[in-house]
Amino acid sequence: MITYRPHVLILALILLSTCLSFGSFPAKAFAEDKTIVMFIPDTDWPPYLIDDPKFPGGGVLIDVLTAVAAPLGYTVETKRLPNKRGWMMLDKGEVDVHAKAKEWVKHPDMYLWTEPFMVNEDVMIYPANKPLHYTTPEKLYGKTVAAMDGFVYPALEPHFASYKIIRRAVVSPFAMLELVARERVDAALVNRTETQWLFRNRPDLGPERFVMDETPFDSAGYRYAFSKEGDWQPFIDAFNAKLEEMKKNGKLHEILNRYN
């Protein structure tokens, strides 16, 4: 018959209790580590961000991140925030990721970036009866051009700064298109994907009133910018590998095509 001394039994119970307690912590930490918190602007921006039950993916930016992250065991949560506050929280690691073109960020080295998952094209749009057909910035000298308030257009910023091109700030794509249609401006700077989406889904906008350039005046690849406050580089490496696989097997195109 085996006998246990009281102090040995007590020690064994303490060790067992400790092991069980620590056994629960990794599971909790693992679950938290597998959640990606994405900050998105506090406005709809179809087809990039869509608050519509007909598009359960939430728009291109959320849908692609979710589709690539899910096979890696991660889930995506979104947090709608004013732009300035969102970037501040990303800097501090209070949110994990935001979708942006690297070229549009003043200090891109502050973040960890994935490979691009889609191309953003900025194009000129004109009144149907007064097309200009952009070739170089000089073509717009002396012209008034509508542009989204707060947006940066690297190819044209020096010409705005010198006032050789007159920039008129607007707060929505609808206001921009109306200015063009009424010939209150000579042209507008629009996102091709967004504008094509609006013309397909909002025929009341009168697409026939406009002419859009075929050639973009600027383009950039959309990427995901991760906070440097978290250990995201291993995930980004796995993300890039999965993204490349989805580009080759057509799954990425399938997602993007949902929003065409």
Neighbour cut-off at most 11 other Cβ (10 Å), DSSP loop, trypsin sites (Lys or Arg not before Pro), region 141-234: ARG182
Calculated FRET efficiency for the pair ARG184/LYS139, C-beta based, R₀ 22 Å, to 0.05: 0.70
The lysines whose Cα lies under 25 Å from the Cα of LYS164, excluding any fewer than 8 residues away in the same chain, are LYS106, LYS130, LYS139, LYS143
About the Cα centre of the chain, what is the dipole size in debye to 20, counting +1 per Lys and Arg Cβ and -1 per Asp and Glu Cβ, all else neutral? 220 debye
In nanometres, what is the gap between the two model label sites at GLU254 and VAL152, each 7 Å from Cα along Cα-to-Cβ? 3.6 nm
Charge dipole (debye, nearest 20) of region 121-217; +1 at Cβ of Lys and Arg, -1 at Cβ of Asp and Glu: 260 debye
Candidate aspartates and glutamates for bridging to LYS92, where Cα separation is under 15 Å - those fewer than 8 sequence places away on the same chain excluded: ASP109, GLU229, ASP231
The ratio Rg/Rh over the Cα atoms of the chain, Rh being the Kirkwood inverse mean 1/r radius, stands at 1.17
If I stretch the segment between ASP51 and ASP109 completely, what's the gain in nm (0.36 nm per residue apart, minus their alpha carbon distance), one decimal? 17.7 nm
Over the Cα atoms of region 199-260, compute the convex hull volume and normalise it per residue, giving Å³. 156 Å³
If only Cα atoms are counted, what is the Rg of region 121-217, and what is its Dmax, in Å? 12.3, 38
Over every pair of different alpha-carbon atoms in region 97-151, take the mean of 1/r and invert it; report that Kirkwood radius in Å. 14.6 Å
Return the equivalent ellipsoid semi-axes of region 171-224 as a descending list in whole Å, where each equals the square root of 5 times an eigenvalue of the C-alpha gyration tensor. 20, 14, 11
Show me the helices of the chain, taken as full DSSP H stretches, that run 18 Å or more along their long axis by Cα and average -1.0 or above in Kyte-Doolittle hydropathy. 6-33, 233-249
Could you line up LYS54, LYS130, LYS100 from fewest to most neighbouring Cβ atoms inside 10 Å? LYS54, LYS130, LYS100
Using only the alpha-carbon atoms, what does region 130-172 span along each of its principal axes? Please give whole angstrom values in decreasing order. 24, 23, 15
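No value in this document is a laboratory result; all are computed from the given coordinates. Nothing here was measured: the structure is a model prediction, and the numbers come from that model. Please note: Cβ atoms are built from the backbone with ideal geometry, for glycine as well, and neighbour counts cover all protein chains shown.
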